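S.K.: If you scroll down you'll find the structure; I have some questions about it.
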Amino acid sequence: MLSVVAIYISSTKDPFGKWSSLWCLIPGKGIIDPCPIWINDKCYMAVGFAKSRIGFNSCIGIYEVSTDLTKQLTDYKIVYDGHNENPTIEGPKFNVRNGFIYIMAPAGSVKGGWQVCLRSKSIYGPYETKIVLMQNGTLINGPHQGALIDLDDSDNWAFIHFQDMRAYGRIVHLQPVTWSNDWPLCGEVSDLLLAGSPVSSHKYLINKKSNFSIPSSDDFKGN
């Protein structure tokens, strides 16, 4: 049996309304963890690779696709090979700030890994790398599959990721971000040259109000 993983897209004008039928943007096998970014009227999609399907991993690739996400324009180009320093790197997440293009990506492993930041002035690199979040001496292992979040217009950022708790599932964490020489150090930072440590709680200054709440219990009577 041939194992195939393709990138499919669905769209809507109302996230709580009806979504379109899926369409295939990128056919292929072993292409995982897609993340698009729109820059200068073009759209690029960063991906990881599953060794069990495509024959290799520990790399980040970038496709160019149409801005409406309906057409693949180029094949992938490998922009980072993490075999030597950041094995099993995957889950790329794009962002931009101060002229830099950032790709946040976990490496190591789901339970025992760390967060890597790649940055470049050009979409295809070359990319500099820095480890920006590690478990260090905390109880929050792994910090995995994270993304930078621009909280407001005052250069106030956070970093969201999950922690694998085995039988308890995957717990979502939010970390503060300290910018140092245009590197996003995540969590508690004791040395601006070293990776931050994840924290269990933090107060965030957010000017936007929201009525959203997370359900804390379930009577299992609904859908």
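The values are calculated or read from the model by the stated rules, or taken from the named source; none is laboratory data. Remember, it's a predicted structure, so these values are computed and weren't measured experimentally. Positions of Cβ are backbone-derived with ideal geometry, glycine not excepted, and every protein chain shown enters the neighbour counts. Only protein heavy atoms, including side chains, enter the accessible area calculation; ligands, DNA and RNA are left aside. Shrake-Rupley method; radii C 1.70, N 1.55, O 1.52, S 1.80 Å.
S.K.: Output the number of the condition that Ala167 fails; it satisfies all remaining conditions of (1) exposed (fewer than 12 other Cβ atoms within 10 Å of the Cβ); (2) assigned to a loop (DSSP other than H, G, I, E, B); (3) not aromatic (Phe, Trp, Tyr).
M.R.: Failing condition for Ala167: (2).
S.K.: Then there's this: Which members of the range 47-68 meet the condition of being closer than 15 Å to Ile26 by Cα and surrounded by 19 or more Cβ atoms within 10 Å (Cβ to Cβ)?
M.R.: Val47, Gly48, Phe49, Ile62, Tyr63, Val65
S.K.: Are there any pairs, at least 6 apart or on different chains, whose C-beta atoms fall under 6 Å, with the first in the range 200-223 and without any contact (Cβ under 8 Å) to a residue 60 or more places away in the chain and open to solvent by 100 Å² or more (accessible area, probe 1.4 Å) and the second in a loop (DSSP other than H, G, I, E, B) and not β-branched (Val, Ile, Thr), and if so, which?
M.R.: Matching pairs, first to second residue: Asn207/Asp152.
S.K.: When only residues in the range 96-113 that are among the small types (Gly, Ala, Ser) and surrounded by 15 or more Cβ atoms within 10 Å (Cβ to Cβ) count, which is nearest to Ser190 (Cα to Cα)?
M.R.: Across the range 96-113, the extreme among qualifying residues is Gly113.
S.K.: Applying the selection to the range 26-46, what residues are open to solvent by less than 30 Å² (accessible area, probe 1.4 Å) and not hydroxyl-bearing (Ser, Thr, Tyr)?
M.R.: If the condition is that a residue be open to solvent by less than 30 Å² (accessible area, probe 1.4 Å) and not hydroxyl-bearing (Ser, Thr, Tyr), then Ile26, Gly28, Gly30, Ile31, Cys35, Ile37, Cys43, Met45, Ala46 are the ones that fit.
S.K.: Among (1) in contact (Cβ under 8 Å) with a residue 60 or more places away in the chain; (2) of a type in the set (Val, Ile, Thr); (3) in contact with a Cys (Cβ under 9 Å, 6 or more places away or on another chain); (4) open to solvent by 20 Å² or more (accessible area, probe 1.4 Å), there is one condition Thr138 misses while meeting the rest; what is its number?
M.R.: Looking at each condition in turn, Thr138 falls short on (3).
S.K.: Working carefully through the options Val79, Val116, find the one that is touching a Lys or Arg at 6+ places or on another chain (Cβ under 8 Å) and either within 26 Å of Asn40 (Cβ to Cβ) or crowded, with 20+ Cβ neighbours inside 10 Å (or both).
M.R.: Every option except Val116 fails the conditions.
S.K.: Taking the range 170-186, which residues are open to solvent by less than 80 Å² (accessible area, probe 1.4 Å), in a strand (DSSP E or B) and not hydroxyl-bearing (Ser, Thr, Tyr)?
M.R.: Scanning the range 170-186 gives Ile171, His173, Leu174, Gln175, Pro176, Val177, Trp179, Trp183, Pro184, Leu185, Cys186.
S.K.: Any residue at all in the range 138-147 that's touching a Leu at 6+ places or on another chain (Cβ under 8 Å) and in a loop (DSSP other than H, G, I, E, B)?
M.R.: Yes, the conditions are met somewhere in the range 138-147.
S.K.: Only one of Asp75, Asp33 is out of contact with any helix residue (DSSP H, G or I) (no Cβ under 6 Å at 6 or more places or on another chain) and in a loop (DSSP other than H, G, I, E, B); which?
M.R.: None of the other options fit; the residue is Asp75.
S.K.: Kindly establish whether Val189 is open to solvent by 60 Å² or more (accessible area, probe 1.4 Å) and over 17 Å from Val96 (Cβ atoms).
M.R.: No, not satisfied.
S.K.: Take Ile89 and tell me if it is buried (at least 21 other Cβ atoms within 10 Å of the Cβ) and assigned to a loop (DSSP other than H, G, I, E, B).
M.R.: yes
S.K.: Report, by residue number, each residue of the range 153-184 that is farther than 20 Å from Ser109 by Cα and at pLDDT 95 or above.
M.R.: Answer for the range 153-184, where residues must be farther than 20 Å from Ser109 by Cα and at pLDDT 95 or above: Trp157, Ala158, Pro176, Val177, Thr178, Trp179, Ser180, Asn181, Asp182, Trp183, Pro184.
S.K.: Sticking with this structure for a sec: Can you name the number of the only condition in (1) within 24 Å of Ile37 (Cβ to Cβ); (2) touching a residue at least 12 places away in the same chain (Cβ under 8 Å); (3) open to solvent by 80 Å² or more (accessible area, probe 1.4 Å) that Asp153 fails?
M.R.: Asp153 satisfies every listed condition except (2).
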